[in-house]
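The values are calculated or read from the model by the stated rules, or taken from the named source; none is laboratory data. All figures in this text were calculated on a predicted structure; none of them were measured in a lab. No Cβ is skipped: glycine too gets one built from the backbone with ideal geometry, and neighbour counts run over all protein chains shown. Quick note on the areas: whole protein, heavy atoms, side chains included, nothing else; ligands and nucleic acids left out. Shrake-Rupley method; radii C 1.70, N 1.55, O 1.52, S 1.80 Å.
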Amino acid sequence: MKQVLIAIIGGLILISGSCSSAPKKKVVKPVKPKPVNVETKIEHDKIAGLFVFPGGKLKALVMSFDDGPDQDKRLIEIFNKYGIKGTFHLNSGKFAAKSKASLDQLKTVYKGHEVSAHSVSHPHLEFLPASKVSNEILADREKLEKVFGYPIHGMSYPFGTYNQLVLDLLPSLGIVYSRTVTIDASFRLPKNLLVWNPTCHSGTGEYWAKKFIETKKDEMMLLFIWGHAWEFDNAATDSAKEKKLDGDRKYLRAPR
Ligand SMILES: [Zn+2]
């Protein structure tokens, strides 16, 4: 439990992401998980009573971005400019062709932010046998830990998909939280750290940020935004109207 709490708090402080690399050709619906009998399944009320946000604040922001690393650099420059911390979920398979000098540069780029797992090769984990799921995650952790120099316990699901086998394996693979791409459309703390649904995608981040600022409650609230840095490249070529329509259609839900 102590390890879990450290991870939660670390994730929140560092402000966190998952993803898919290039636009998906095949849409695979996330598998609805059965209840997970692991210690990471903690009810919201219990989580809220176990820790506080830095400074005792009631609101915290998590920025959680997937895939990296090339397009993350500009986003991190913007985060640094405005004092925002992010979590960046990386596929270490992309590091294979990079020189040691390039990897050292990456360490500098991500300094002050959290680097987290996203599998080695970005497969659909739910289609793999246990041995391959384990290798995708453990090898990713191992490589990231070697490059960045600290324990990696967070993750986001490649394509946002998983099944019960993946959920059952994660604790033994050293993963204490994993983010999905299922939009929760709320500011609640997670009920299950291995099925951590974000508030929104970055495409509707402005809408939810405004709502977050306006919402006044005497309880801890979390604005959890996920996306990919490369989507901002795509967005730069779109009209504002197209972006809004696309974002609304894909990600926007009425708040609960
Ligand atoms: Zn991804």
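The table below lists the values:
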quantity: Every pair of residues 6+ apart whose Cβ atoms lie under 6 Å, when the first sits in segment 176-196 and is more than 19 Å from residue 165 (Cα to Cα) while the second is part of a helix (DSSP H, G or I) and open to solvent by less than 10 Å² (accessible area, probe 1.4 Å); calculated: 189/47
quantity: Segment 150-176: number of residues that are away from the ligand (no atom under 16 Å from the Cβ) and in contact with a His (Cβ under 9 Å, 6 or more places away or on another chain); calculated: 2
quantity: Selection from segment 89-146 of residues that are among the β-branched types (Val, Ile, Thr) and under 25 Å from residue 162 (Cβ atoms); calculated: 115, 120, 133, 137
quantity: Verdict on residue 204 being touching a Pro at 6+ places or on another chain (Cβ under 9 Å) and of a type in the set (Ser, Thr, Tyr); calculated: no
quantity: Among (1) in contact with a His (Cβ under 9 Å, 6 or more places away or on another chain); (2) away from the ligand (no atom under 16 Å from the Cβ); (3) within 19 Å of residue 197 (Cα to Cα) - the single one residue 87 does not satisfy; calculated: (2)
quantity: Any hit, segment 204-223, residues being within 16 Å of the ligand (Cβ to nearest atom) and either modelled with pLDDT of 95 or more or of a type in the set (Asp, Glu) (or both); calculated: no
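Per-residue answers, yes or no, for (1) open to solvent by 50 Å² or more (accessible area, probe 1.4 Å); (2) more than 16 Å from the ligand (Cβ to nearest atom); (3) assigned to a helix (DSSP H, G or I):
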| position | (1), (2), (3) |
| --- | --- |
| 64 | no, no, no |
| 74 | yes, yes, yes |
| 79 | no, yes, yes |
| 112 | no, yes, no |
| 134 | no, yes, yes |
| 138 | yes, yes, yes |
| 146 | yes, yes, yes |
